[in-house]
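The values are calculated or read from the model by the stated rules, or taken from the named source; none is laboratory data. Please read all numbers here as calculations on a predicted model, not as lab measurements. Here the Cβ positions follow ideal geometry from the backbone for every residue, glycine too, while neighbour counts run over all protein chains shown. The accessibility values were calculated without ligands, DNA or RNA, using every heavy atom of the protein model including side chains. Shrake-Rupley method; radii C 1.70, N 1.55, O 1.52, S 1.80 Å.
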Amino acid sequence: MDQFRCFSPEALQFLSELRANNRREWFHANKQIYEAAIKQPAEQFAAQMSQALAEMTHMPHSVKIYRIHRDVRFSNDKTPYNPHLRMSFIPGDCGDQPPLWHFGLSPDCLSLGCGVFQYEKAALEKYRTGVAGPAGDDLMAIINDLTARNVRISEPELKRGPSGYSSDHPHLDLLRRKGLTVWTDLTAQPIVTQAGLREECLNQFQLFHPVFRALQSLGT
């Protein structure tokens, strides 16, 4: 596989034009551009980033590159394509529902994240039990440090704490969550079209590494 350096300006141009021309006819007429500017470089980037994350965490990582085709069966929005590139990096040997690393590229924005979107029932109970105790102190300190660095934190899903926990619990913010992710949003241009994109992404993921380790420990 070829060595990945960066995405081309054509990649951002394609996503921008797809956003304005989200039709099957337009996509098929420009499919060769998608293959060359989006799909193939994304596969190269994913392979390199999986290896870099494995070295950083000492865990093997697989990757899921999300399809550009939208599932419109249950959506009022019937546009057929996602005008963005999304992928998630999945650690192995890390519990039933481990934190993932996320990469999202739209025409204007590069979003990098880490965490769990939504815990399943058993994993959610394990998370709540963990953050209700001393592990919650550590996670709160990590989140406070990241928010001071302008990192975006997902909003709690619950207005109140879950049943069985006091309304004045010191870790109520964590208990009100059904998942937790942290994000950095960067202007896509020129970062994604210059050499060093992988290193820039890895630097951001290193910033999120304490969250990864904390959520990992809560899920084991």
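Data overview
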read-out: Single condition residue 3 does not satisfy, out of (1) under 21 Å from residue 192 (Cβ atoms); (2) part of a loop (DSSP other than H, G, I, E, B); (3) in contact (Cβ under 8 Å) with a residue 60 or more places away in the chain; value: (3)
read-out: Residue tally, condition part of a helix (DSSP H, G or I) and in contact with a strand residue (DSSP E or B) (Cβ under 9 Å, 6 or more places away or on another chain), over the range 190-213; value: 11
read-out: Any chance residue 14 is surrounded by 17 or more Cβ atoms within 10 Å (Cβ to Cβ) and in a helix (DSSP H, G or I); value: yes
read-out: Odd one out for residue 177, checked against (1) in contact (Cβ under 8 Å) with a residue 60 or more places away in the chain; (2) open to solvent by less than 50 Å² (accessible area, probe 1.4 Å); value: (1)
read-out: Filter result (open to solvent by 70 Å² or more (accessible area, probe 1.4 Å), farther than 18 Å from residue 118 by Cα and within 24 Å of the chain's Cα centre (by Cα)) within the range 149-167; value: 149, 150
